[in-house]
Each structure stands twice: as structure tokens, then as C-alpha cells.
Amino acid sequence: MNDKTYPGIKRTPTANDIADAVSEVTGVTFDQARARCRKREVVFFRYVFWYFMRKYHKSKLKDLSCHVFKSQGDVVHGLNACKNISDNKLQDIIKKVQKKLLIKVE
């Protein structure tokens, strides 16, 4: 676990904290995210999960891909989608998850 602290966060959120927060916001369970599905909500779950795992843990692409059984190319695409947010729904999900993580880990 990374000992680096972030403003407003007393401890670094774990993978379970991140998965729970994303699940609460999107309504998608972690098992659904691991299944083979291209529904928008499920894809957004994966993207946002990878985004926060990369942000807080600096996880490698290989490690991120193993969490939800996807390829490293899918992870790269998801991280780029979160960086270049053009979808308002994705932007809203990221903001809501960030708020939940701040509340969860305090």
C-alpha cells in the first residue's frame, strides 16, 4: 500500500474501498464488472475503478487488467477516457465517487 497521503484523505483508499464507492454510484456490482459485458454502466464502472486505482496506488496496467479480467489495451483506453472526459455522465460518476471516497476513508 502506498503511504502517500492526499489532501482531505486520512488514509489511502484500498481496492475494496474504491470498488464499493464505484458500485454505490453506478449500481453495478464488482462481479458484473468482471463479466463479459459492454453495457455503458458496466464499462463506466471499469473505467472509474481503474482511474482511481491508478490515481491512488500507481498500479501497473497488468495489475489493473487482472482485477476485472480485461486486457491492458482496455485499461489504457479506459484511463484515456477518464483523462479526456467528454461524456458528462462519466464526469459526474468520477465526481460522485471522489466524494464517496473522501467520506469513506475519513
Answer check: the range 44-86, Cα atoms, Kirkwood Rh, Rg/Rh ratio of 0.92
Neighbour-count order for Ile18, Ile94, fewest beta carbons within 10 angstrom listed first = Ile94, Ile18
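For the pairs Lys55/Lys83; Lys62/Lys100; Lys55/Lys95, note any where the Cα-Cα span goes beyond 21 Å.
Values: Lys55/Lys83 11 Å; Lys62/Lys100 26 Å; Lys55/Lys95 14 Å.
Checking Cα-Cα distances, Lys62/Lys100 exceed 21 Å.
In units of 2.2 N^0.38 Å, what is the alpha-carbon radius of gyration of the range 15-100? Before the final figure, lay out each step's value.
Working: Rg = 11.3 Å, N = 86, 2.2 N^0.38 = 12.0 Å.
Working it through for the range 15-100, the quotient is 0.95.
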Enumerate by residue number the trypsin sites (Lys or Arg not before Pro) in the range 45-85 meeting two conditions: DSSP loop (anything except H, G, I, E, B), and at most 13 other Cβ atoms within 10 Å of the site's Cβ.
-> Lys58, Lys60
Mean separation of Cα contacts under 8 Å (at least 6 apart) over the residue count of the range 15-100, i.e. the relative contact order in percent, is 30
Around Arg38: net Lys/Arg minus Asp/Glu count, Cβ-Cβ under 13 Å = +3
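Read-outs: derived from the displayed coordinates by stated rules, not from any lab. Computed from a prediction, not measured in an experiment: that's the story for all the values here. Here Cβ is always computed from backbone atoms with ideal geometry, including for glycine, and neighbour counts include all displayed protein chains.
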